[in-house]
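Encoded as structure tokens, the structure appears first; notes follow it.
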């Protein structure tokens, strides 16, 4: 960017601040073109709607808190990882009709998004991605499932109650909650305590 010419009566610090404001305004305008709104607006809408911190959102998206802060403040324009952009779009879609209010439902949604299997197979990067990346694949480990994450934050009775309450409006989240409320099967095909495992044919929540 060319240097800002000196102006009578303006302190160099004021000139620097004016230049920074101008650059951030251009960056926000560019984000609006790429993502439909400045990323700061999208980040604040999600954190406020879900009642979470920006750090928790960064963890869910798979990006560092410092990077998300730079994107939200428009100091950085583009999201560099297609998988991060896909998770952001997934959260936006799931919250389009109103984010879940119950804390356990919010935890379920975030866990589902965080471990979603995202496959980028396009020949070109989507709008707003810095560069074309070679088909990144984010596959959760065998233990990192939404049900596992929910078992760590709530007892089975609360998970089952939340599943019943959310089933009419959020059937995908309710299914995750039901899976979390059930005891995980061991390798012998039985529950850790109790009888044989019931083989459910219900499809799991979709990744996006």
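Just rank 115, 176, fewest to most, by other beta-carbon atoms within 10 angstrom.
115, 176
Using a 10 Å cut-off around each Cβ, can you sort 175, 112, 33 from fewest to most neighbouring Cβ atoms?
33, 175, 112
For residue 160 paired with residue 33, estimate the spin-label separation in nm (one decimal), with each label point 7 Å from Cα along the Cα-to-Cβ line.
5.6 nm
For residue 66 and residue 20 in one chain, what is 0.36 nm times their gap in residues minus the Cα-Cα distance, to one decimal in nm?
14.7 nm
Quick note: the coordinates plus some simple rules give every number you see, no bench work behind them. Given the structure is predicted, the values throughout are model-derived calculations rather than measurements. Neighbour counts are summed over all protein chains in view; Cβ atoms, including those assigned to glycine, are modelled from backbone coordinates with ideal geometry.
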